[in-house]
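The values are calculated or read from the model by the stated rules, or taken from the named source; none is laboratory data. Computed from a prediction, not measured in an experiment: that's the story for all the values here. For neighbour counting, all protein chains shown are included, and Cβ atoms are generated from backbone atoms with ideal geometry for every residue, glycine included. The accessibility values were calculated without ligands, DNA or RNA, using every heavy atom of the protein model including side chains. Shrake-Rupley method; radii C 1.70, N 1.55, O 1.52, S 1.80 Å.
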Amino acid sequence: NAGVTQTPKFQVLKTGQSMTLQCAQDMNHNSMYWYRQDPGMGLRLIYYSASEGTTDKGEVPNGYNVSRLNKREFSLRLESAAPSQTSVYFCASRGQMNTEAFFGQGTRLTVV
Amino acid sequence: KQEVTQIPAALSVPEGENLVLNCSFTDSAIYNLQWFRQDPGKGLTSLLLIQSSQREQTSGRLNASLDKSSGRSTLYIAASQPGDSATYLCASRTSGAGSYQLTFGKGTKLSVIP
């Protein structure tokens, strides 16, 4: 059982380049999330999707867009990467409200 | 806005010792609280989930407690092992507005010395 799968695992971008981080879950979960993790800041929510067809902003949405492609997949797009977006990005999913959240292995992104 | 605090930021103990990790939160209106483990360069692994109606939850050598009225949760690790070395994170899900998101503490980095 794969759980939550993120691709790629590592990426280096130049300032101004764009890219899409992919996330897929095979647990038939309704809700999916994108977080970023920075030293000293902890994990902060970028965007979430409570169910297929809906997306909402989290704590730090500026500079990002998301697409809930179907129930399994939730992608995060950086349209014009900036050095401040250097971070480790985690995708997560959850079934019902009172159940566990499961996380992917992360994407380590460096913007130079 | 919910704030989650974990103290201490780092903890070093000798192998075999029992230990307690602390997590406090400002808004007691929570759905549940979840404890995670994160190894260096890895993702988050769920350890325990405590619902708001529960007082504690156990899994093997781990026991998590929840006291909503005081805004505190603890993770007790019995007979610690070097393999327990990792960063431990707690996260709360608040009921009401914003209930879809988890609010994380910054973690406690645990080192178990052989």
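Can you give me the Cα centroid spacing of region B:71-114 and region A:67-112 in angstrom?
Answer, in whole Å: 21.
Which number comes out as Rg/Rh for the protein assembly as shown once both Rg and the Kirkwood Rh are worked out on C-alpha atoms?
Working: Rg = 17.5 Å, Rh = 18.0 Å.
That ratio is 0.97, to two decimals.
Taking chain B as a Gaussian network, where each spring joins two C-alpha atoms under 10 Å apart, which residue of B:ALA79, B:ALA29, B:ALA91 fluctuates the most?
Of B:ALA79, B:ALA29, B:ALA91, the Gaussian network model singles out B:ALA79 as fluctuating most.
Tell me the Kirkwood radius of chain B: reciprocal of the mean inverse pair distance over distinct alpha-carbon atoms, in Å. Walk me through the numbers before you get to the answer.
Working: mean 1/r = 0.0709 Å⁻¹.
Kirkwood hydrodynamic radius for chain B: 14.1 Å.
Springs between alpha-carbon pairs under 10 angstrom, Gaussian network model over chain B: which of B:ASN63, B:ASN18, B:ASN32 fluctuates most?
B:ASN18
Considering all projection directions equally, how large on average is the shadow of the alpha-carbon convex hull of region A:5-47, in square nanometres?
It is 4.2 nm².
Applying a 10 Å radius around every beta-carbon, put A:75-88, B:49-62 in order of their mean neighbour count, most first.
Averaged packing, sorted descending, gives the order A:75-88, B:49-62.
Ignoring ligands, DNA and RNA, what accessible area per residue does the protein assembly as shown give at 1.4 Å, in Å²? Walk me through the intermediate numbers first.
On the way: 10430 Å² over 226 residues.
That works out to 46 Å² for each residue.
Take the cross-link list A:LYS71/B:LYS68; A:LYS14/B:LYS1; A:LYS71/B:LYS109; A:LYS71/B:LYS1 and give me the ones stretching past 31 Å between alpha-carbons.
Details: A:LYS71/B:LYS68 34 Å; A:LYS14/B:LYS1 35 Å; A:LYS71/B:LYS109 35 Å; A:LYS71/B:LYS1 29 Å.
From the list (A:LYS71/B:LYS68; A:LYS14/B:LYS1; A:LYS71/B:LYS109; A:LYS71/B:LYS1), the Cα-Cα distance tops 31 Å for A:LYS71/B:LYS68; A:LYS14/B:LYS1; A:LYS71/B:LYS109.
When Lys and Arg each count +1 and Asp and Glu each count -1, what net charge do the other residues less than 10 Å away from A:TYR35, Cβ to Cβ, add up to?
Numbers: positive: A:ARG36, A:ARG44; negative: A:GLU59.
Result for the neighbourhood of A:TYR35: +1.
What is the average number of partner chain Cβ atoms found within 10 Å of a Cβ in B:35-44? Don't jump to the answer; show the numbers that get you there.
Values: counts 0, 4, 0, 5, 0, 0, 5, 3, 13, 11.
The mean count of partner-chain Cβ atoms within 10 Å per residue comes to 4.
What does the buried accessible surface come to for A and B, summed over both chains, with the probe at 1.4 Å? Round to 100 Å².
Buried surface at the A/B interface: approximately 1800 Å².
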